[in-house]
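A.B. asks: My questions will all concern the structure given below.
Taken together, the values in this text are just the output of simple stated rules run on the coordinates, not laboratory data. This structure is a prediction, so every number in the text was calculated from the model and none was measured. All Cβ positions, even for glycine, are placed from backbone atoms using ideal geometry, and neighbour counts span all protein chains on display.
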Amino acid sequence: MHLQSILVYLTLIIIMVLCGIYTMSQYSYAIKNNRSYYKSNFFWRIDIILPILLFSILMGMRFNVGYDHLTYLDGYLSKNYIGKDEPLFFLISEISWYFNLHYTVYFGIIAFLQITFFYLSFKDERYLLPFLMFFLFTNGTHQSWVNIIRQSLATCIWLYSLKYIDNKKPLTYLLICLLLYFIHRSALILLFFYPVLKSDKDIFKNVKIQLILLGISFIIGKYFYIIEKWLELLIEFYISILGKDFYLNYTIDNMLENVADSGSGLAYFFKLLLNITIIIQSKKLKLYFNRRRFKIIYSLFFIGLLFFYIFPIGSISFTRPFRYLYIFQTIMYSYYAYYLYKNYKRQPIYLFLLIIIIMTFIGIFILSQYFADEQSSTLYQFYFQNKYIYGYPR
């Protein structure tokens, strides 16, 4: 199963990255009116459609990939809603039930919506696609998509909605955020990000302050268990926003049962070093990309980084409202890799740094698959490899 998983994922990564490279080759390297232009500005080309369809098909045909996959599968087969009064997500199930769609089609539809909105979010920055597709997998973002399915779908749509902040259409953005509440209740927290997003100021301009804040969040994360009393206040805050039924069965004790240490392995510290490097070079990145959109994305990246290091791995209940921000690490790695690629002739060391980053992420990904436990729900397996699923023929 380990070899199969590695081969399936690597094949998918290679195809999606190669399509992204072709798309990037069509970039005209000109920005006019805050938009990028391409030799062919038509978006729905084969190099966009093929990876979207391939991703959707493979993610639809998966079995037990993502801890919550079997719960969603059981809910679909037994025609029970999975969610908490989230009618827009229920609609996907209702349509699939009405047309008696196979469960692989149901999951394929969800994956299609996730990846399509992700692609659309970078319609005007298609030069990033090869790096986005690479880090989407090697940084583990795709594992979130197949695990916390409803919130990940809401995240991808929200990512697309940021264009309306950039285009100064706040009502459209706020309306989308309200609609996302009916896909996953935690999306209500996105309204609180609006004051940060609408500002034209660069709120994270000072590198030293950023590094100090990152250090503080790292220390808090390492001593997470001694702040349990503060966690009770945090849960009360969540309940006041999301409603009592959202956290009905949660207590501090059962939440802490699933909390794991934030990590001490080489992969963890390599990414920490990469994040610090990006912060140190943030002024250069802002000058190079020189767009309001990039400053918005950088702000979300840094805020997400603080919460990522404050809350240990496994504390999903605590991090629910902030997991919308975790995707920006993958996005910022893509911006940074593109920056290194475009400037290595001027700074030869950038090529060496880019190679180190790419090779390390490939190594991390392959090793994570090779050493994964077969019960970890991270190894890819096809639905037809299992004879019966909850008593239903495959």
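A.B. asks: Arrange the peptides 209-219, 112-122 so that the one whose residues have, on average, the most other Cβ atoms within 10 Å appears first. Don't skip to the answer; put the middle values down first.
C.D. replies: Working: 209-219: 14.4, 112-122: 20.5.
In descending order of packing, they fall as 112-122, 209-219.
A.B. asks: For residue 94 and residue 74, compute 0.36 nm times the residue count separating them, minus their Cα-Cα distance, and round to one decimal in nm.
C.D. replies: 5.7 nm
A.B. asks: Can you tell me the Rg and the Dmax, both Å, for the Cα atoms in the stretch 67-126?
C.D. replies: Values for the stretch 67-126 (Cα only, Rg and Dmax): 13.3, 42 Å.
A.B. asks: Taking 0.36 nm per residue of sequence separation and subtracting the Cα-Cα distance, how much length would be gained by fully extending the chain between residue 273 and residue 360, in nm to one decimal? Kindly include the intermediate steps, with their values, before the conclusion.
C.D. replies: Details: separation 87, 0.36 × 87 = 31.32 nm, distance 1.24 nm.
Between residue 273 and residue 360, full extension yields an extra 30.1 nm.
A.B. asks: Here is a follow-up. Kindly put 92, 48 in sequence by how many other C-beta atoms sit within 10 Å of each C-beta, fewest to most. Could you put the intermediate results ahead of the total?
C.D. replies: Details: 92 18, 48 21.
Exposure proxy ranking, most exposed first: 92, 48.
A.B. asks: Is the C-alpha gyration tensor of the stretch 118-182 telling us rounded, prolate or oblate? Criteria: a/c under 1.5 is rounded; beyond that, a/b larger than b/c is prolate, otherwise oblate. Before the final figure, lay out the partial values.
C.D. replies: Numbers: a/c = 3.91, a/b = 1.28, b/c = 3.07.
Since a/c reaches 1.5 but b/c is at least a/b, the shape of the stretch 118-182 is classed as oblate.
A.B. asks: To continue, here is another question. What ranking do 166, 202 get, fewest neighbouring Cβ atoms within 10 angstrom at the top? If you can, show how the numbers build up before the last one.
C.D. replies: Numbers: 166 18, 202 14.
Listed from fewest to most nearby Cβ atoms, that is 202, 166.
A.B. asks: Let me ask you something else. What relative contact order, as a whole-number percentage, does the stretch 115-170 give when Cα pairs under 8 Å and 6 or more residues apart are counted? Walk me through the numbers before you get to the answer.
C.D. replies: On the way: 23 pairs, mean separation 27.1, N = 56.
Reported relative contact order: 48 percent.
A.B. asks: Beta carbons within 10 angstrom, averaged per residue: use that to sort the peptides 291-299, 319-327, highest first.
C.D. replies: Numbers: 291-299: 19.4, 319-327: 21.1.
Sorting 291-299, 319-327 by mean packing, highest first, produces 319-327, 291-299.
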